[in-house]
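Visitor: Before anything else, here's the structure in question.
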Amino acid sequence: MSTKLISVRVDPPLFRGELSPNKARRSIGPVQVPPMSFSDLLRRRRMVRDYQEQPVEADKLDRILSAALRGPSAGHSQGVSLVLLQQAANRLRMARLAGEDEWVARGYPAWLSRAPLHVVLCAEPQCYLQRYAEADKAAANHQWPVPYWYVDAGCALMLLLLAAADEGLAAGFQGIHNLPGLGAALEIPDQVEPIGLVTLGYAANRKGGHSVARGPRPGRIHFEQW
């Protein structure tokens, strides 16, 4: 099997409805919802692990993938790539890698195998190393305690999650530590680092997990010094 790392062409507007001046109502499957402000969008976003079988429309998927690649990019290195999994057989392979059977045995609904779409988020360190070896970056500090590709990948993840919510969809994230063998299964090149897997689809249940009950932790904003 050959797996492609994809880059998606971006045509504005990136967000349709909620974040644009156009206040027309949009269809998100069987439900009509009004536009959301950015603050409403932030409140709506949840990590969802329970999905309907309803497929995701192609135009919505295109906008979500395009938005994910619109994040900050150090030196415009563009070292974040995506692998889209649409075929049920491939999604089932990911579910097995993640030990979904054990998850279901603990009383939770099947997650990865039921989500209509998987997006594997990848970072390409070599893109950054090559970019910062170019003449205009020669004077830059190349000692990065936190490599730029992790920063950019985190930005791409957040954009992907918000773009999904903007389209009336739900998303969840599975870290790469719970997906042993993913790179080999998808024939991802050795020089490319998978970061994790995002599930996309229409939510069957938007109720937050048990961790939500912990509530917000206070004291995380500091002024002038810690």
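Throughout, read-outs are computed from the coordinates displayed, never taken from laboratory work. Source: prediction; values computed, not measured. In this analysis, Cβ positions are derived from the backbone assuming ideal geometry, glycine residues included, and neighbour counts consider all displayed protein chains.
Visitor: For residue 151 and residue 78 in one chain, what is 0.36 nm times their gap in residues minus the Cα-Cα distance, to one decimal in nm? Each step should come with its number before you reach the end.
Guide: Values: separation 73, 0.36 × 73 = 26.28 nm, distance 1.20 nm.
Answer, rounded to one decimal: 25.1 nm.
Visitor: Once you put a point 7 Å from the Cα of residue 134 and another 7 Å from the Cα of residue 205, both along the Cβ direction, what distance in nm separates them?
Guide: 4.9
Visitor: If each residue of separation counts as 0.36 nm, what is the full-extension length gain between residue 70 and residue 106 once their alpha-carbon separation is subtracted? Write out the running numbers ahead of the final one.
Guide: Working: separation 36, 0.36 × 36 = 12.96 nm, distance 3.80 nm.
Gain on extension, residue 70 to residue 106, equals 9.2 nm.
Visitor: I would also like to ask the following. Going through region 71-131, which trypsin sites (Lys or Arg not before Pro) have at most 15 other Cβ atoms within 10 Å and a DSSP loop state? Don't jump to the answer; show the numbers that get you there.
Guide: Working: sites: 91, 93, 96, 106, 114, 131; in loops: 106, 114.
Sites meeting the loop and neighbour criteria: 106.
Visitor: With a cap of 14 neighbouring Cβ atoms within 10 Å, and only residues DSSP puts in a loop, list the GluC sites (Glu not before Pro) found in region 92-144.
Guide: When the GluC sites (Glu not before Pro) of region 92-144 are filtered for loop state and at most 14 Cβ neighbours within 10 Å, 134 remain.
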